[in-house]
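Bear in mind these aren't lab numbers, they're just calculated from the coordinates by the rules spelled out. This structure is a prediction, so every number in the text was calculated from the model and none was measured. Heads up, the Cβs are rebuilt from the backbone with ideal geometry, glycines too, and the neighbour counts pull from every protein chain shown.
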Amino acid sequence: MEPLEERALLAVFNPLAGALDGAAGSLRAAILAANTNAQNDTINLQAGTYALSLANVAGQENLGALGDLDLRGANFSMTFLGAGQGVTIINGADLDRVFHILPNVNVTFRNLTITNGTAVDNGTASAAAGSTEARGGGILKDGAGRLTLDNVGLTENIAAGGGIQAAKGGGLFAALGLVNILNGTSIGQNQALGGGGGRRRGVGDWGGRRGRWNGWRSGWRWRQRPWGQWLRPTAAAFFLRRAH
Ligand SMILES: [Ca+2]
Ligand SMILES: [Ca+2]
């Protein structure tokens, strides 16, 4: 009896740290391909910096071509494997948040750092900067699906609401699904700025205090217990920010 033909269930990408954002071989190009291949994807990252340089031109963009890196492979997994926290760096250059995870994509980040993201909207397509609440400077996770941060640095990201809009999740905003933070993941020096005129020197929305995640919002540096733990941010969105 002939064995069943092996199907390509896993795609592997190896983008280059030095590639210009959006060019062949770049992280963005790999993500664009991974988003539409209807496979589980592994994206191997080198030591070095993957810097974003393509800003949004007509408000928030959710196709992955501009601004934040949109992860769109619904019902598939996307796994980003770096060479180490602080060794592989994904730098958003404050053009937008760094990663935007669309609903039902299961994402793992491992052994890397996500930094210099700035969110100026809530992820709604075409939303103009400052027209909505600012969510998720480093990562915005929309909808269902699992997110794992394994030995990740999530640092120096900003949700920038401005004078009127609230800001939630300088580092990470997740409204639904599951989030697992483990193995030395370090979330620190992220900021949520704005909302209602601000409090305490302009750091505005303290919404994290309304959440259930006591101890997960407690300071400049935050480290998960070594065993990891799935969070269920369904009852109240949780977002991690710098405590000012
Ligand atoms: Ca987006
Ligand atoms: Ca985008």
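For region 1-90, which trypsin sites (Lys or Arg not before Pro) are in a loop by DSSP, counting at most 10 other Cβ atoms within 10 Å?
Answer in residue order: 7.
What are the ³J(HN,Hα) couplings of region 9-19, residue after residue, when phi is run through the Karplus curve with 6.51, -1.76, 1.60 and θ = phi - 60°? Round to Hz, x for glycine and proline.
Once rounded to whole Hz, the list reads 9, 9, 10, 10, 10, 9, x, 9, 4, x, 5.
Mind ranking 80-93, 149-162 by how tightly packed they are, going by the mean number of other C-beta atoms within 10 angstrom, highest first?
149-162, 80-93
Residue by residue through region 94-104, which ³J(HN,Hα) values in whole Hz follow from phi under the Karplus form 6.51 cos²θ - 1.76 cosθ + 1.60 (θ = phi - 60°), with glycine and proline marked x?
6, 7, 5, 4, 8, 10, 10, 9, 7, x, 6
Which order do the peptides 138-146, 62-70, 14-22 come out in when sorted by mean C-beta neighbours inside 10 angstrom, highest first?
Packing order, densest peptide first, comes out as 138-146, 62-70, 14-22.
Once you have a ≥ b ≥ c as the square roots of the Cα gyration tensor eigenvalues for region 88-170, tell me rounded if a/c is under 1.5, and otherwise prolate or oblate according to whether a/b is larger than b/c.
Since a/c reaches 1.5 but b/c is at least a/b, the shape of region 88-170 is classed as oblate.
Once the Cα gyration tensor of region 52-124 is found, what semi-axes does its equivalent ellipsoid get, as square roots of 5 times the eigenvalues, in whole Å, sorted largest first?
Ellipsoid half-lengths, sorted descending, are 20, 17, 8 Å.
Looking at region 1-124, what % of its DSSP beta bridges pair antiparallel, to the nearest 5?
0 percent
Assuming R0 = 22 Å, what is the FRET efficiency of residue 24 and residue 63, from their Cβ-Cβ distance, to the nearest 0.05?
0.75
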